[in-house]
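For reference, the structure is listed below as structure tokens.
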Amino acid sequence: MFIQVSPEFKKKSTSAIIAIVLFIIVYILLFFSAIALTIGCIAAGLWIISIKPMFFTVMLGIGLASLGVLISYFLIKFLFKQHINDRSNLTEINRNDEPQLFQMIDEIVKEAGTDFPKKVYLAYDVNASVFYDSNFWSMFLPIKKNLVIGIGLVNTCTKQELKAILAHEFGHFPQRSMKVGSYVYNVNQIIFNLVNEDESYENTVKGWASASGFFAFFAELAIKITQGIKWILTKMYSFVNIRHMALSREMEFHADEVAANIAGSLALEESLMRMDLADNSYNAVINFYNSKIPENKSSKNIYREHFYVMNFYANENELDFKNDLPVVKSTESGLFNKSKLNIENQWASHPSTEDRIVRLQKLAITKDADNSPAKTLFKNFEATDEKLTAKLFSNVENEKTQFDLDFETFKIEFKENYNKGTFNKIFNNYYDNKNPNPFDLSLDNTSPIIDKFEDLFSKDKVEDVYTLIALENDKNVINSIADKTYVIKTFDYDGKKYKANEAKTLIPILENQIKILKEKITQNDINIYHYFAGLAKNQNQEDEMRNQFSELLDYDKIYEEKFNLFRDLSKALEFVSTTTPFEKIKKNFNNLKTLESKLKEELKDILNESLLNEEINEQNRKDLEFYINNDVLYFNQNEYLNTNLQQLFFAVNSLHFYIGRKYFLMKKQLLNKMTSLEQARV
């Protein structure tokens, strides 16, 4: 199979090649300058020794000669660096293990016109990838690639979709023109190694410097010179890498076309659209079990639970099903993404899913499809699931023996956790990302006609909420462009291209739109309040309803002050993660005392808050009480006291979590009351 590369791909390839050539020229100039310096330093060292051979001149000559050697070594150290991928999370399989899966790979390899992978591995997650161990010489020598297939991916797609995804991975390598991307990748690895991965080099220089005081000066000088070289290479890294990313995005489109020709456009399109849902579901299961570590609970088969969670989420969001799998449509996210700002991310290695779908739909290639579950490719998928699940949980350290949660119990507990963290669906996502806007409850300033419940939470009203969120986010980004915090040349807004220096002209326009929309949403919130106040009055619950609304609005007023305390504490503790002089550290902790007193008072209120009683487990309560009731040192005898410092950070993070959690619970309590009032009316 041969697929003609696009003009855009050729353009990006040319740009990447030019970048590589420019890097080579710069590198050669640096290299020969280093060689010249090395020869000069060695010659000068020998000359100093020859003038008057003695211990001082010998050591001085050797030190001077080492200066050039160290700089030259810095520029060639990448030759000895090999990138080895961590395989500890992978499980190798062979043809005897899974003959049907390998047969599918055979078919893909043949149609794509590429080589069979060196090894095939199974991973835990919802993904597929190709990797290889590389070094400088792999640019010139053939190197076979390894294929990784995530069991989470197999668990959530059809055979045809899996074929399409694997064909995409092999689609990166079937033609000579695609090797440009691999070449650029290796050049980037070289520059990255030179600029960033220099711990062993610095250790070598420090070791040499510690051998003699005569060498220390020249070692320090070598460090200074290599820092200058690194500055030049950092600029080259950006120059080459931006072009590499642009080429990489085109390579993704090309690989999609290969996959569409092998498995059809629709199979890849539907699998891409479902990928986020499948991945989020997998992470939800992992997070569920992370919370169960203190209880020593594990799973026998996380992939059975993964499949359940994906379908649970799909049902909650009223998605359609096809081939017993959720169908995610591009229109599903339209309601929640109202941004009109478009900035090309020049550092992105992949185009957006939306752009990929548009290309695939234009191709519209149809193929006969086998839409049976991909898991049927395995001899015994359940046994494979359990094997990988056991391997995954083997990394968890428990004080007691783990025991597996049975599937029915998992479903009950997962659903309970989900319901604790979500609002009733009758509100149509209106409150998911907003709180009631503040207004005076004593004023009857409703619209002449109070809307029906369905009108108050209609699609149009929900779209207003998400349009406001998008406008505020867009304004913040455009503000950053205007004040040059975010440095770009151009951007698109509402279909029109702007230069960066034109950003400030958009800000008053957005502010006016935000003002108008806020007033509209606030009026709807007022109507909502009076609608439910009317229901509460009819059901003799008016005082309770008013009090809950009032308490939430009051807490909203002071929430910002509490959050600012968390932000001030976080900022005041930034010095801990940086190199700071001892006296400055002592002064910083001394200045922290006022903020810490406020923190302890807030934590006392949190521990006494009845709404949070079930949210704070016994151990966290004990830890917070200990922190509140004790004054401890965080720095003594010129070193941090890490245990005490961890207690401080735990306290600060607890403030952030629990003030937010209280807000959520107050809001949920109010919405539950509103739900019961509406259901009683019906």
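Given the peptides 275-282, 644-651, arrange them by the average over their residues of other C-beta atoms within 10 Å, most packed first. Walk me through the numbers on the way to the answer.
Details: 275-282: 20.6, 644-651: 16.1.
The packing order, highest mean first, is 275-282, 644-651.
Taking the Cα-to-Cβ direction at K387 and at N437 and moving 7 Å from each Cα, how far apart do the two end points lie in nm?
So the label points at K387 and N437 sit 5.9 nm apart.
Using alpha carbons only, how many degrees (0 to 90, rounded to 10) separate the axis of helix 159-170 from the longest principal axis of the chain?
30 degrees
Could you order the peptides 13-23, 361-371 from most to least packed, using the average number of other C-beta atoms within 10 Å per residue?
13-23, 361-371
Quick check: pseudo-label points 7 Å beyond the Cα along Cα→Cβ at D368 and E561, how many nm apart are they?
Result: 7.3 nm between the two label points.
Please compute the net charge surrounding K300, taking Lys and Arg as +1 and Asp and Glu as -1 over other residues with Cβ under 13 Å from its Cβ.
That sum, taken over residues with Cβ under 13 Å, equals -3.
Going by alpha carbons, how many degrees (0 to 90, nearest 10) lie between the helix axis of 99-112 and the longest principal axis of the chain?
Around 70 degrees separate the two axes.
First obtain the Kirkwood hydrodynamic radius of the range 423-527 from its Cα pairs, then insert it into the Stokes-Einstein equation at 20 °C and 1.002 mPa s, and state the resulting D in µm² per second as a whole number.
Once the numbers are plugged in, D ends up at 136 µm²/s.
I'd like the FRET efficiency for E318 and N617, computed as 1/(1 + (r/R0)^6) with the beta carbon distance as r and R0 of 51 Å, rounded to 0.05.
My answer for the efficiency is 0.90.
Enter the angle in degrees (range 0 to 90, nearest 10) between the Cα long axis of helix 55-76 and the first principal axis of the Cα atoms of the chain, meaning the one along which they spread out most.
Roughly 50 degrees, rounded to the nearest 10.
Grab the beta carbon distance between N203 and F635, set R0 = 35 Å, and tell me the FRET efficiency rounded to 0.05.
Once rounded, the FRET efficiency stands at 0.80.
On full extension of the chain, what length is gained from S577 through N672, given 0.36 nm per residue of separation minus the C-alpha to C-alpha distance?
Fully extending the segment from S577 to N672 adds 29.9 nm.
If you project the alpha carbons of the chain onto their three principal axes, what span does each projection cover, largest first, in Å?
106, 72, 63
Mind giving me the FRET efficiency for K119 and K604? R0 is 56 Å, r the Cβ-Cβ distance, nearest 0.05 is fine.
0.45
In nm, what is the difference between 0.36 nm times the number of residues separating D568 and I3 and their Cα-Cα distance?
In short, 197.7 nm is gained.
Can you tell me how much longer the chain between S480 and W231 gets when fully stretched, taken as 0.36 nm per residue apart minus their C-alpha distance, in nm with one decimal?
Values: separation 249, 0.36 × 249 = 89.64 nm, distance 2.62 nm.
Gain on stretching S480 to W231: 87.0 nm.
Return the aspartates and glutamates within reach of K520: Cα separation strictly under 13 angstrom, same-chain partners fewer than 8 residues apart disregarded; answer none if there are no such residues.
Cα-Cα hits under 13 Å: D460, E463, D464.
Could you bin all the Cα-Cα distances of the range 545-607 into 5 Å bins starting at 0 and give me the percent of pairs in each, rounded to whole numbers?
Going out from 0 Å in 5 Å bins, the range 545-607 shows 3, 14, 20, 18, 14, 10, 8, 5, 4, 2, 1, 0 percent.
Read-outs: derived from the displayed coordinates by stated rules, not from any lab. These numbers come from a predicted model, not from an experiment. Neighbour counts are summed over all protein chains in view; Cβ atoms, including those assigned to glycine, are modelled from backbone coordinates with ideal geometry.
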